[in-house]
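**Q** One structure, as structure tokens, below. Some questions next.
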Amino acid sequence: VASRPPRAPVPSPLAGPAPSRPATPAPRTPAPSSQPTAATSGLAGEPPPPLTPLPEGTPSHPEAARLLDQARRTLRDRQPQKALSPLEKAAALEPTHLGIQRLLVQTRIEARKAEIESLVTSALDHFVANEYGKARKAVGKALTLDPNNKKAKELTKILGALG
């Protein structure tokens, strides 16, 4: 039995032409600055960058659309607790808009997680400062919101051992 030589891979007609390597390396661009610029932060009188449109569309109520836009910008800054109030107001103005409802549910979950993390961090800060009563109070609040939080459980054990 004779063995055949391996076949060369056949390019897919959907893939298009094979990429070729450039003769010279591409010039290096400087790393982007971590500081926000006027174009990214909306400073210097420039409007803030536009938001990606929602798949569900813009709310028909203009105030609900404004509140939704405000909440989405706050969420972009990773502040779910601040975004919750405008989203709840927008949902009250336009209760049938699925995009507002979807964002409201997600934001409530994220705000709860942020609150729990804040409480656990506060409890740890109080523990380090030897303020055990305040630490117990903060960790107790965290455990009422999330009884399965590992950090809060561990801190409760440590505080219990201290008396």
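**Q** Within the set of pairs 6+ apart or on separate chains, which have a first residue in the range 134-163 that is under 17 Å from residue 114 (Cα atoms) and of a type in the set (A, V, I, L, M), a second that is open to solvent by less than 40 Å² (accessible area, probe 1.4 Å) and part of a loop (DSSP other than H, G, I, E, B), and C-beta atoms under 7 Å apart?
**A** 142/149; 143/149
**Q** Here's something else I'd like to know. How about the range 110-137: which of its residues are open to solvent by 80 Å² or more (accessible area, probe 1.4 Å), farther than 18 Å from residue 148 by Cβ and in a helix (DSSP H, G or I)?
**A** 125, 128, 134, 136, 137
**Q** Same structure again: Just one of (1) open to solvent by 30 Å² or more (accessible area, probe 1.4 Å); (2) in contact (Cβ under 8 Å) with a residue 12 or more places away in the chain; (3) small (Gly, Ala, Ser) trips up residue 71, so point out which.
**A** Residue 71 satisfies every listed condition except (1).
**Q** Scanning the range 79-93 for residues that are out of contact with any Asp or Glu (no Cβ under 9 Å at 6 or more places or on another chain) and either of a type in the set (D, E, K, R) or modelled with pLDDT under 90 (or both), which turns out most open to solvent (accessible area, probe 1.4 Å)?
**A** So the residue we want is 82.
**Q** Please give the number of the condition residue 13 fails out of (1) more than 30 Å from residue 105 (Cα to Cα); (2) at pLDDT 50 or above.
**A** The single condition residue 13 does not satisfy is (2).
The values are calculated or read from the model by the stated rules, or taken from the named source; none is laboratory data. Computed from a predicted structure; not experimentally measured. Ideal geometry is used to build each Cβ from the backbone, glycine not excepted, and the neighbour counts take in all protein chains shown. All accessible areas refer to the heavy atoms of the entire protein, side chains included, with ligands and DNA or RNA removed. Shrake-Rupley method; radii C 1.70, N 1.55, O 1.52, S 1.80 Å.
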